[in-house]
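Contents: one structure, followed by commentary.
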Amino acid sequence: MNTKQQSRQQALQRRRKLSPEERTTASTHIQNALLLQLEQRELTTTPVLIYRSMDDEVETRYILSMYRPLIFAPVTHSHDAIQWRETGSDTIWKTGNFGVEEPAGGRVWAPELGKGVLVCPVVGFDRAGNRLGFGMGCFDRWLAQFNEHLQIIIGLAFSCQEVLAIPVEAHDVPLDIIITEREIIECRKH
């Protein structure tokens, strides 16, 4: 087992040990901190591409339910094809290929709509902004194609998911900031 796999398993184990109450409290704090970051960075009218949370991830439904202009959620067609669809009060959600709720319709985000803010799910992270996902590479392949069309990449994680160092590969794109329930970690300066 390589270091990435070990770090991924350890971070997932720590995340799974959080009680539902701890997850809910921490997620509320993290989502509020995300909204504050968007406001402070004057990104409130910028397209926000944000994941729809799974069981034990940092919850994102509050952000998605705000229906502010230009919130997009991913539709994953395969391991290497993500499309971001705009959400709103009339969005119909369906279970996608990986068991995650996805918008059934909505306008597709394209760089012409404006440089976006990408909010990533995180399995593990280090202070340099390197992130571990589930190892399928969906976000990594999408980021390789669209990184230049993003203003900032934000990771949401519980503090227990931090690992000392994540091995970096040539295609990896680091996070700019990581928001946990304890702190905001600036990884790259803007």
- Message: Which count do you get for residues in segment 61-73 that are touching a helix residue (DSSP H, G or I) at 6+ places or on another chain (Cβ under 7 Å) and either closer than 19 Å to PHE139 by Cα or acidic (Asp, Glu) (or both)?
- Response: 2
- Query: Quick one: which of ALA104, ALA144, ALA170 is at pLDDT below 95, farther than 18 Å from VAL48 by Cβ and touching a strand residue (DSSP E or B) at 6+ places or on another chain (Cβ under 8 Å)?
  - Reply: ALA104
- Message: Exactly one condition in (1) touching a Lys or Arg at 6+ places or on another chain (Cβ under 8 Å); (2) more than 27 Å from VAL168 (Cα to Cα) is false for GLY88; which is it?
- Response: (1)
- Any chance segment 143-165 includes a residue that's closer than 21 Å to LEU12 by Cβ, crowded, with 17+ Cβ neighbours inside 10 Å and of a type in the set (S, T, N, Q)? yes
- Message: Could you check segment 1-34 and list, in sequence order, the residues that are modelled with pLDDT under 95 and among the polar types (S, T, N, Q)?
- Response: ASN2, THR3, GLN5, GLN6, SER7, GLN9, GLN10
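Any chance you could count how many residues in segment 95-150 are hydrophobic (A, V, I, L, M, F, W, C) and in contact with a Cys (Cβ under 7 Å, 6 or more places away or on another chain)?
The number of residues fulfilling the criteria is 2.
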- When residues of segment 127-138 are filtered for being in contact with a strand residue (DSSP E or B) (Cβ under 6 Å, 6 or more places away or on another chain) and free of Cβ contacts under 8 Å to residues at least 60 places away in the same chain, how many remain? 1
- Qualifying positions in segment 139-170 - touching a residue at least 12 places away in the same chain (Cβ under 8 Å) and of a type in the set (Gly, Ala, Ser): ALA144, GLY155, ALA157, SER159, ALA165
- Message: surrounded by 15 or more Cβ atoms within 10 Å (Cβ to Cβ), among the charged types (D, E, K, R) and on the phi < 0 side of the Ramachandran plot: which single residue out of GLU59, GLU39, GLU21 fits that description?
- Response: GLU59
- Working only within segment 1-26, note down all residues that are touching a Lys or Arg at 6+ places or on another chain (Cβ under 9 Å) and under 18 Å from GLY133 (Cα atoms). ARG15
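The values are calculated or read from the model by the stated rules, or taken from the named source; none is laboratory data. Owing to the predicted nature of the structure, the values given are computational and were not obtained by experimental measurement. Note: ideal-geometry Cβ built from the backbone for every residue, glycine included; neighbour counts use all protein chains shown.
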